[in-house]
Amino acid sequence: MHSLARHLPLALLLAASTASHAIGGSEQISLAGSGRYSELRQQLEADEQKQPLKTPDLHALCFAYAKTKYYSKLMPCLDKLQQNAAKGDRRTRLFGLDDVTPLIHVMRADALLELAQPREASLEADKALAWYDKEDSDDQDIAINSHAVKALAALQSGNRAAAEKSAAAIEKVNTNLQHGDFKTIKAMAVARVNLALGNYQRTYKAILDDSGFAVRAFADKMLSLAFLRGENNWLWQELPRAYMLNRALLGMGRKDEARSGYDQLLTVPQLPDNGEIYWLILFDRGRIAESDGELEKAAEFYRKAIEVIEQQRSNISTEANKIGFVGDKQDVYAGLVKLLFHMDKAAQAFEYIERSRSRALVDMLATKQDFALPEQAKQQTASLLEEMTSTETLVRLQDPGSGGGRQRSQLQEIRKKLRSTAPELASLVSVSSLPPAEIQQKVAAKETLIEYFQQGGDFYAFVVKRSGIVARKLDANGLEELVRNFRKAIEEQSADATGLSQTLYDRLLRPLEKDISGDELTLVPHSALHYLPFVALHDGRHYVVEKFNARILPSASVLKYLRPAGSQNGGRMLIFGNPDLGDAKLDLPDAQREAQAIARQAGNATLLLRRQASESAFRKLAPQYPLIHIASHGQFASEAPLKSALLLSPEGGSDGRLSVDKLYSLKLNADLITLSACETGLGKVNSGDDVIGLNRGFLYAGASSIVSSLWEVDDEATSMLMMSFYQQLRQHGKREALRLAQRETLARFPHPYFWSAFYLTGNAN
C-alpha cells in the first residue's frame, strides 16, 4: 500500500492532524498505523450513521474495509469516494494526496485481484498510472503499486513474461532522491511480486536491502514516545514485511528460521485484522508442522486458515466474486484433505472437500428457500429477497470498473432492511456446506454418492452412503488429457472411444466397485470430469448406463436446496420446437418433428413452433408449466459463461437468446426441464470448481431437475431418445427413465456419440 506519512515523520503528522468527526484525524492515523483496522472500521461506521463522511474520513473507512477484507462494503465505499472526488472533495488524510483518485483505482485493483478478476484489476491499475502521468506526479508510490498490481494480474492470467516486465518497471521507478517511505514501498512491492513469482532469494534481498526502514521506525517511536504508551504505529508495514521475509525463508529451505518468525507473528494481537496475510501465515505454519511430523498440530493450523478464508468469503455478496475469491486458496483445502486422508479421517476430509467449493450456487439456492418466518414478516421478507436477487443480478453483470455505484448502494440498503426484518436470514448471502452426517441422510437407501476431488497431483474419490464414508486415492496422471481425447473420439464417432472408455472406467470407477451398493449413482465431478459422459464408461462387458441409474450434481451440499420433485399435473407440458432463427442453415426439421411427436404423446401440451417458439413466449408461459421441453440450438460461451444460451425466436425487443443471466431473473415452478439442444450441459469450471452454465441458471430459477447435453447431438438419435424418455417417465422416476431411453437408443445407435451426451442434474425422482 502507500505511505501513511508521505512527507513528514509520523509523529509530526499526528501532531498536526485535526478532527473532522467524532473520531479525529490523529486517532485514525494511529489506528491505521498500528494495524487496528477493525476498530478503525467500527468507529468510522458509527460516524457515518450520524452524517455522510467527507473524503479524508471516507478514505480511511475504505482503507479499513480493504485491510479487513469486507468486500461487500469496500466496493460501495469506493463508489462513494469516487462520487466525492467528482464533486471536488479529493484531499486525503492517510496518504497525504491532494487527489484521492489514484488511490481509489489502486484499492479497487487490489480487491479485484483477490476476487480473481485480473483483467479488470489491470485496467484499474492503468487508470492510476494514467493519472500519475497526466498529473506529472512525484508520488512514486502510485506508480510502484500500480505496476505491482499489473504484475500480479498478469501472473494470475498465466502470463509470466508480462508479470516479469511489470516487475522490471517497479525496479525502474527512481526513489533515490525521495523520502525514505518511497524506498520502503518500492522494496515491499518488489518483494510482493517476486514472492508471487517464486523468486525467494530476490524477495529476501528486497526486504533486507531496505535498511532505512528499521532506522526510521525506531526514530519515530523515540520521537513520538509511542514506546512509552505501548504503541507501534509502524505495524501496518512491519507485519506484511515480516510475513514476506519468513515466507522467503521457508521457500529457501530455512525452515527453522521461518517457524520461529511465524510463531512470533502469531502472538501479535493485530494480526487477525491483516486479512491479506493472516490465513497465509496459518497455512505456512501448518505446512511446517506437517513436515515436522506434528500432524494434529498441522491440521489445526489448516483449519484455522480455512476459518479465516470463509469468514472473509462471508463478506462477499455477489456470485462471481465468491467464485473468484476461493481460487488461490484451494491449496489450503487440498493440504488439509490430503492430511486427513493420510490420518484415515475420511468423513472430515470429505467435509473440507465440500467446503473447498466456492458454494456460490448453494448460497444462491438458499435464498430461494421458504423459511419459517413470523407471519407479519413473510410478505416483506419475500419482497426484499426478490429485490435483493434482481439487484445482485444487475451488479453481477456490470463491469466492476465502470461504476455501478447506485446499484451497489441499493444492494447494501436492501441487506440492512433484510437484517432488521428477518435477522435469521442475514447469513443467507453465505451459507455453510452440509455436515457429512446430513449429506449421508440425504443419500437414498439404495444410492451411492461419489464425489471426486483433484488438486495438483492429488486425486481422491469419496464414496458416501447412509452407512458411512470411505475415501480412495486415484491416479491423476494425464487425466485431463485422457478426458479430452475421449470427448474428441466420441464427437468424431471414432473407434478409439472404446479403449479410452475402458481406461477411464479403470481409473474412475473400478477402484470403487467394492464400495458401491445398489444401482443408483449420484456423481459429483471435479475439474475436467465435469465434461465427461460417465454413462459411456465401459467396464469391458457393459457400459455404465447398462449397470446404473446416474445423475450429476454440482456439489453434495446442493442436496439440501434442490427443489423437491412435485406433481407433474397430469403431464401439462410446454414444448418449443425448431425456433425460426432467421437462417435456413440453423433450421432443425427433426427437432420440429420431435416436438410434434412429444406433444401428441403428452396429450396435454402447448406446442410452439418456428416464430411462436420465442424468448418472450418462454418468459411469459414457462412459470405456468411443470414440464418444459426445448428442442433448439444451444450455445456454450466458454469465456462469458453467463451468456451461454438457448436460441429461441427473436420477437419484439428480445434477441431470442435465453441466456444464463436472464434465467436468474425468472421464477419457474418446473418439475422437469429438458434441453434437447447442443452443448446445454456445458459450463465454465471456475475457481473453487463452481460451474456456470444453463443447468445452474435453471436450478436457480426454480427447476427441480434438468436433462441437458454435453456436445452437439445427432438430430435423429436425439428425437428417438426423447420420445422414449417421455414414455418411460410415465412409469419411472427421471433417473431411471433417462437410463432406459439411453439403453433403447444404444440398441439402434451403438456408438456413445448418439446416446451418452444427455444427463440428469437435480432431483432424481
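Read-outs throughout are calculated quantities, based only on the coordinates presented, and are distinct from any laboratory measurement. The structure presented is a predicted model; accordingly, all values stated were derived computationally and were not measured. For neighbour counting, all protein chains shown are included, and Cβ atoms are generated from backbone atoms with ideal geometry for every residue, glycine included.
Computed values, structure above
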item	result
Computed lengthening from Ala747 to Gln731, 0.36 nm per intervening residue step minus Cα-Cα distance	3.7 nm
Spin-label pair Asn604/Asn669, simplified geometry with 7 Å Cα→Cβ offset, distance in nm	1.4 nm
At R0 = 25 Å, FRET efficiency that the Cβ-Cβ distance of Lys643 and Arg611 yields, to 0.05	0.60
Distance (nanometres) between label positions extended 7 Å along Cα→Cβ at Ala86 and Ala597	5.8 nm
Region 453-495 and region 537-560: distance between their alpha carbon centers, rounded to Å	12 Å
By average C-beta atoms within 10 angstrom, highest first, the peptides 467-480, 333-346	333-346, 467-480
Long-range amide H partners of Asp89 with built H, under 5 Å	none
Computed FRET value (nearest 0.05) for Asn477 with Leu512, which takes r as the C-beta separation and R₀ as 25 Å	0.90
Segment Asp344-Lys488, length gained on full extension (0.36 nm per residue, minus Cα span)	48.0 nm
Residue pairs, from the table Lys345/Lys547; Lys134/Lys205; Lys73/Lys560; Lys465/Lys547; Lys560/Lys662, whose Cα atoms sit over 23 Å apart	Lys345/Lys547; Lys134/Lys205; Lys73/Lys560; Lys560/Lys662
Label-point separation in nm, Asp587 to Arg119, each point 7 Å along Cα→Cβ	3.7 nm
Global form of region 569-762, assessed from the alpha-carbon gyration tensor, a/c cut-off 1.5	rounded
Greater than 22 Å apart at Cα, pairs in Lys172/Lys329; Lys620/Lys667; Lys304/Lys442	Lys172/Lys329; Lys304/Lys442
For Glu651, distant residues with modelled amide H under 5 Å away	Glu615, Ser616, Gly656
Packing-based ranking, highest mean first, of 191-199, 444-452 given that Cβ atoms within 10 Å are counted	191-199, 444-452
Efficiency of FRET from Cβ geometry, Gln264 and Ala130, R₀ 60 Å, rounded to 0.05	0.90
